[in-house]
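Peer 1: The structure is given below, and queries will be raised subsequently.
What follows is calculated from the coordinates using simple rules that are stated; it is not laboratory data. This is a predicted model, so every value here is computed, not measured. Cβ atoms come from the backbone with ideal geometry, glycine included; neighbour counts cover every protein chain shown.
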Amino acid sequence: MLSKPVQDILNDQIKHEFYSAYFYLSMAAHCETENLAGCARWLRLQAQEEQSHALKLFDYINERGGQVTLQAIAQPPAEFTSVLDLFQQVLEHEKKVTGLINRCYETALKDNDYPTSIMLQWFIEEQVEEEKNATAIVEQIKMVGASGAALYMLDHQLGARAG
Ligand code: FEO
């Protein structure tokens, strides 16, 4: 059985993961309007990944005999000034999510909830990967600059994301 503090923070995290999916889907929509199909595809796949994170927590709460309570998801931004701005926001968002995951982990440890802390280790590792990927894209955009040809190449490269 999950304690109330652990259950509450995991339910909060489900909301944050779905918000991440919503945020990236909004970015994907923006990229579609800018004819950046590769970026849009990358962001759409990222949105799907965020949904899978939310569902992983959803399943875990149920496995532990807890109560999933879905919360309202805020409206994400819809306007982005450039591709660099957009991916910088991805990176900043992932850093924020890392902090939220760490708070879940701290709550589980404080509660001596070892199964939850073990489950959360997957998320801790995942956040290292998420921040690494977003940082790499931001650095690449800075490197290639904002010329049409460079953006075209980058869009093509991001569109090759497998899953
Ligand atoms: Fe679910 Fe991008 O962290």
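Peer 1: Relative to the first principal axis of the alpha-carbon coordinates of the chain, what is the inclination of helix 114-144, with its axis defined by its Cα atoms, in degrees from 0 to 90 and to the nearest 10?
Peer 2: For 114-144 against the chain, the angle is about 10 degrees.
Peer 1: Let me ask another. With n ≥ 4 as the cut-off for DSSP H runs, can you work out [θ] at 222 nm for the chain, using -39500 (n - 2.57) per run divided by the number of residues, rounded to the nearest 500? Don't skip to the answer; put the middle values down first.
Peer 2: Details: 5 runs with 128 residues, N = 163.
Helix-only estimate at 222 nm: -28000 deg cm²/dmol.
Peer 1: Between Ser52 and Ile73, with labels modelled 7 Å along Cα→Cβ, what's the label distance in nm to one decimal, could you check?
Peer 2: Using points 7 Å along Cα→Cβ, the separation is 1.7 nm.
Peer 1: Using the eigenvalues of the Cα gyration tensor, what equivalent ellipsoid semi-axes result for the chain when each is taken as the square root of five times the eigenvalue, whole Å, largest first? Display every interim value, and only then the final one.
Peer 2: Numbers: eigenvalues 220, 46, 30 Å².
Ellipsoid half-lengths, sorted descending, are 33, 15, 12 Å.
Peer 1: How many times 2.2 N^0.38 Å is the alpha carbon radius of gyration of region 48-126?
Peer 2: Values: Rg = 15.1 Å, N = 79, 2.2 N^0.38 = 11.6 Å.
Rg over 2.2 N^0.38 Å, computed on Cα atoms: 1.30.
Peer 1: Assuming R0 = 30 Å, can you tell me the calculated FRET efficiency for the pair Ala29 and Lys110, based on Cβ-Cβ distance, to the nearest 0.05? Could you put the intermediate results ahead of the total?
Peer 2: Working: r = 40 Å, r/R0 = 1.32.
It comes out at approximately 0.15.
Peer 1: Using 0.36 nm per residue of separation minus the Cα-Cα distance, give me the extension gain between Leu45 and Arg161 in nm, one decimal.
Peer 2: Working: separation 116, 0.36 × 116 = 41.76 nm, distance 0.83 nm.
Full extension of this stretch gives 40.9 nm more.
Peer 1: Nearest 10 degrees is fine. How inclined is helix 148-159 to the longest principal axis of the chain, computing both from alpha carbons?
Peer 2: Around 40 degrees separate the two axes.
Peer 1: In addition: Ratio of Rg to Rh for region 1-87, alpha carbon only, Kirkwood?
Peer 2: Over the Cα atoms of region 1-87, Rg/Rh equals 1.11.
Peer 1: Using the Karplus equation 6.51 cos²θ - 1.76 cosθ + 1.60 (θ = phi - 60°), what ³J(HN,Hα) coupling, rounded to whole Hz, does each residue of region 35-44 give in order, writing x for Gly and Pro?
Peer 2: 6, 9, 5, x, 4, 4, 5, 4, 5, 5
Peer 1: Counting only C-alpha contacts under 8 Å and six or more residues apart, can you give the relative contact order of the chain as a whole percent?
Peer 2: Details: 166 pairs, mean separation 51.0, N = 163.
Across the chain, relative contact order equals 31 percent.
Peer 1: Also, I was wondering about something else. With +1 on each Lys and Arg Cβ and -1 on each Asp and Glu Cβ, and nothing else charged, work out how big the dipole of region 4-159 is about its Cα centre, in Debye to the nearest 20.
Peer 2: Numbers: 12 positive and 23 negative charges, 24 e Å.
Dipole magnitude for region 4-159 comes out near 120 debye.
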